[in-house]
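One structure is given here, and the rest of the page talks about it.
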Amino acid sequence: MKVLLFGATGFTGKAVLPELLAKNHKVTALVRSKERVLIKHPNLQIIEGDVLDDVQIHQAMEGQEAVINCMGKNKGSANNLISGLTKKIISAMEEEQVKRLIALSNVGAGDSYETQPFVFRVILLPTILRWLKLLIEDKNIMEPLIKKSNLNWTVLRFPKISEKPSQKRILISQDGKGLSFSISLKDCAEFIVSQLTDKSLWYKTPSISN
């Protein structure tokens, strides 16, 4: 499958990229700096540019069959970075008739918020985890944009993504209940890529953990 990947140089995207190539997908990655992509592969095309530029997004979208959005935030990123990018991605996908979108969100976004522990919602999120609160607020803008689109979408809500070894065990919760507090980066990347060929979670916002 021809896949356009956003966030290929970020923490999660760097794990998703080799997983895509291992599954024989043809990958295009739109990145700010080619030097940050350390992988060379005949099925990998790197486009260096502004990931928020409408023209460059549309050009990268031509001929694609699916989009994976792993874009994250760095210190100093705009509060609406991800929702703003998502709006541009949806517009380009609809214009280029690319139907399949897989987007990363967070446990605590949307209707999964109320199912999270009291301590997380009332104490940790507004204080120690203020950065996460801002990220979730951006994802709360992003998710409705995706749901209102004409795409075949899946929004995957993850807890903490860690570099612990693969657990070879995945929990899927539609309401955010019954999860552990983390998922290994390897398991996360494998699950994201699996959604390119798995239709069971189309039009859903599952929460995923080990």
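The values are calculated or read from the model by the stated rules, or taken from the named source; none is laboratory data. All figures in this text were calculated on a predicted structure; none of them were measured in a lab. Cβ placement follows ideal geometry from the backbone for every residue including glycine, while neighbour counts extend to all protein chains displayed.
Summary of computed values
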quantity: Matching residues in region 23-41 - criterion: being farther than 13 Å from residue 13 by Cβ and without any contact (Cβ under 8 Å) to a residue 24 or more places away in the chain; calculated: 24, 34, 35, 40, 41
quantity: Flag if residue 135 is closer than 21 Å to residue 16 by Cα, buried (at least 16 other Cβ atoms within 10 Å of the Cβ), at pLDDT below 90 and not small (Gly, Ala, Ser); calculated: yes
quantity: Considering residues of region 175-193 that are in contact with a helix residue (DSSP H, G or I) (Cβ under 8 Å, 6 or more places away or on another chain) and not aliphatic (A, V, I, L, M) only, the residue surrounded by the fewest Cβ atoms within 10 Å (Cβ to Cβ); calculated: 175
quantity: Top-ranked residue of region 194-210 - restricted to ones that are polar (S, T, N, Q) and outside any loop (DSSP other than H, G, I, E, B), ranked as surrounded by the most Cβ atoms within 10 Å (Cβ to Cβ); calculated: 207
quantity: Cβ pairs under 8 Å, 6+ apart, first in region 1-12 and under 14 Å from residue 24 (Cα atoms), second assigned to a loop (DSSP other than H, G, I, E, B) and acidic (Asp, Glu); calculated: 1/65; 2/65; 3/65
quantity: Some residue of region 108-120 being modelled with pLDDT of 75 or more and either of a type in the set (A, V, I, L, M, F, W, C) or part of a loop (DSSP other than H, G, I, E, B) (or both); calculated: yes
quantity: Those residues of region 181-190 which are closer than 17 Å to residue 72 by Cβ and not in a strand (DSSP E or B), in sequence order; calculated: 185, 188, 189
quantity: Count - residues of region 58-73 that are out of contact with any strand residue (DSSP E or B) (no Cβ under 7 Å at 6 or more places or on another chain) and either of a type in the set (D, E, K, R) or closer than 25 Å to residue 188 by Cα (or both); calculated: 3
quantity: Any hit, region 131-146, residues being without any contact (Cβ under 8 Å) to a residue 24 or more places away in the chain and within 20 Å of residue 90 (Cα to Cα); calculated: yes
quantity: Residues being under 18 Å from residue 192 (Cβ atoms), out of contact with any strand residue (DSSP E or B) (no Cβ under 7 Å at 6 or more places or on another chain) and either among the charged types (D, E, K, R) or part of a strand (DSSP E or B) (or both) - total across region 156-180; calculated: 3
quantity: Residue match in region 201-208 (condition: under 19 Å from residue 18 (Cβ atoms), under 14 Å from the mean Cα position of the chain (by Cα) and modelled with pLDDT of 95 or more); calculated: no
quantity: Cβ-Cβ under 6 Å pairs, at least 6 apart or on other chains, region 51-66 side modelled with pLDDT of 95 or more, far side among the hydroxyl-bearing types (Ser, Thr, Tyr) and not in a helix (DSSP H, G or I); calculated: 60/28
